[in-house]
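Colleague: Next up is a structure, given as structure tokens.
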Amino acid sequence: MKYLVKTILLFPVVLLFFSCQVQRSIAGKYTVIQQEKYPKVIPITFYIELKNDSTFTYNFRGGFHGKVSTGFWKEDKNNKKIIISSFIQDIHKIPIIVKETVNNDNSSPLFVFDNPLKLDISVRWTLNVNDIEYPLNIDSLILDKGIIVKSFYLTGHIALRANENIIPIPLQDTIQSRKYNVMNLSNNVYNIAFPTFVNYDIFYYKPLYDSLKLRRKVLWFEGIKLKKE
């Protein structure tokens, strides 16, 4: 009887152990097989890296085009497919982190933006507050006294001068955060930040949600074979 109880108690632990072992065997960097045929352009860089912490990185560069993505991955029950889901599913609803506080010495609403692209002078930012757009400098905005902030969201767009080009060509020239509804209308200081996965590649970000066929050490992505290194 004691042996049976021990076996029952150990079974979930053994199951978890083998599940982790399977995930570790799947994890790795899957790179394009260069002799394959491609529908559009021959890639210079093309890989999906499945990491041990259940996150993935996707990177493509070919010709004038570049695409990146990051998110979570998991294997299906039969370990025949890999399901990937990007952190960002809508480039116009990027999550933001907001900390609200109050400054009793100044009633003017103050927005402080921890800008992850502050060194990129080609990106212009606006802050939409209560459905009114305000130009935003690199990292801050002060509004007139008496304005009660109810909601806001950020918009960033690439503003190039005539005859200027960016190579590789961005996937989109505009990004936008989710709309944030203020928790306490008495607050007047708002510290805004993007999650850490928002960086200088954000204009090349490709939202992914897909189920990829896995066979031995080959991963199929959009009809193209990626082989584990």
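All of the numbers you see were taken from the coordinates with simple rules; none came from a lab. Because the structure is predicted, anything quoted here is derived from the model rather than measured. Ideal geometry is used to build each Cβ from the backbone, glycine not excepted, and the neighbour counts take in all protein chains shown.
Colleague: Hey, how much of the P(r) for the stretch 25-151 falls beyond 22 Å, as a percent of Cα pairs? Show your work: numbers first, answer last.
Modeller: Working: 4747 of 8001 pairs.
The share of Cα pairs beyond 22 Å in the stretch 25-151 comes to 59 percent.
Colleague: Can you give the net charge of the other residues whose Cβ lies under 13 Å from the Cβ of L160, counting K and R as +1 and D and E as -1? Intermediate results must be reported in sequence, preceding the final value.
Modeller: Details: positive: R124, R161; negative: D120, E164, D173.
Net local charge, L160 excluded: -1.
Colleague: For K81, enumerate residues with amide H under 5 Å from its amide H, sequence gap 5+ or separate chain, H modeled in the peptide plane.
Modeller: Correct list: D76, L214.
Colleague: Continuing with this model, one more query. Using a Förster radius of 41 Å, what is the FRET efficiency between F64 and K145 based on their Cβ-Cβ separation? Nearest 0.05, please. Mind dumping the intermediate values first?
Modeller: Numbers: r = 49 Å, r/R0 = 1.19.
With R0 = 41 Å, the Cβ-Cβ based efficiency is 0.25.
Colleague: Please turn the phi angles of the stretch 114-125 into ³J(HN,Hα) values with the Karplus equation 6.51 cos²θ - 1.76 cosθ + 1.60 (θ = phi - 60°), one per residue in order, whole Hz, x for glycine and proline.
Modeller: Whole-Hz 3J(HN,Hα) from phi for the stretch 114-125: 7, 7, x, 10, 4, 8, 8, 6, 7, 9, 10, 10.
Colleague: Around I96, which amide H atoms from residues at least 5 apart in sequence, or from another chain, sit under 5 Å from its own amide H, with H modelled in the peptide plane?
Modeller: Result for I96 returns R178.
Colleague: Could you please rank T196, T70, placing first whichever residue has the fewest other Cβ atoms within 10 Å of its Cβ?
Modeller: Numbers: T196 10, T70 22.
With the fewest neighbours first, T196, T70 line up as T196, T70.
Colleague: What number comes out for the charge environment of E229, summing +1 per Lys or Arg and -1 per Asp or Glu over other residues with Cβ under 11 Å away?
Modeller: Result for the local shell: +3.
Colleague: Classify the stretch 97-203 as rounded, prolate or oblate from the Cα gyration tensor: take a ≥ b ≥ c as the square roots of its eigenvalues, call it rounded if a/c is under 1.5, otherwise prolate when a/b beats b/c and oblate if not. Walk me through the numbers before you get to the answer.
Modeller: Details: a/c = 2.45, a/b = 2.08, b/c = 1.18.
Prolate.
Colleague: Relative contact order for the stretch 97-203 using alpha-carbon pairs under 8 Å, separation at least 6, rounded to a whole percent? Present the calculation step by step, with values, prior to reporting the outcome.
Modeller: Numbers: 187 pairs, mean separation 44.9, N = 107.
Here the relative contact order equals 42 percent.
Colleague: Add +1 for every Lys or Arg and -1 for every Asp or Glu among the other residues with Cβ under 14 Å from the Cβ of K213, and state the total.
Modeller: Neighbourhood net charge equals +4.
Colleague: Taking 7 Å along the Cα-to-C-beta vector as the label spot, tell me the K206-I224 distance in nanometres, rounded to one decimal.
Modeller: Label at K206, label at I224, 0.7 nm between them.
Colleague: In addition: Starting from the Cα-Cα distance between K99 and L185, subtract it from 0.36 nm times their residue separation and give me the gain in nm to one decimal. Don't skip to the end; give the middle numbers.
Modeller: On the way: separation 86, 0.36 × 86 = 30.96 nm, distance 1.30 nm.
Extending this stretch completely gives an extra 29.7 nm.
Colleague: Past 26 Å, Cα to Cα: identify those pairs from K67/K225; K67/K99; K99/K150; K179/K213; K51/K80; K51/K227, in the order given. Walk me through the intermediate numbers first.
Modeller: Numbers: K67/K225 17 Å; K67/K99 31 Å; K99/K150 14 Å; K179/K213 36 Å; K51/K80 17 Å; K51/K227 15 Å.
Going by Cα-Cα distance, K67/K99; K179/K213 fall outside the 26 Å limit.
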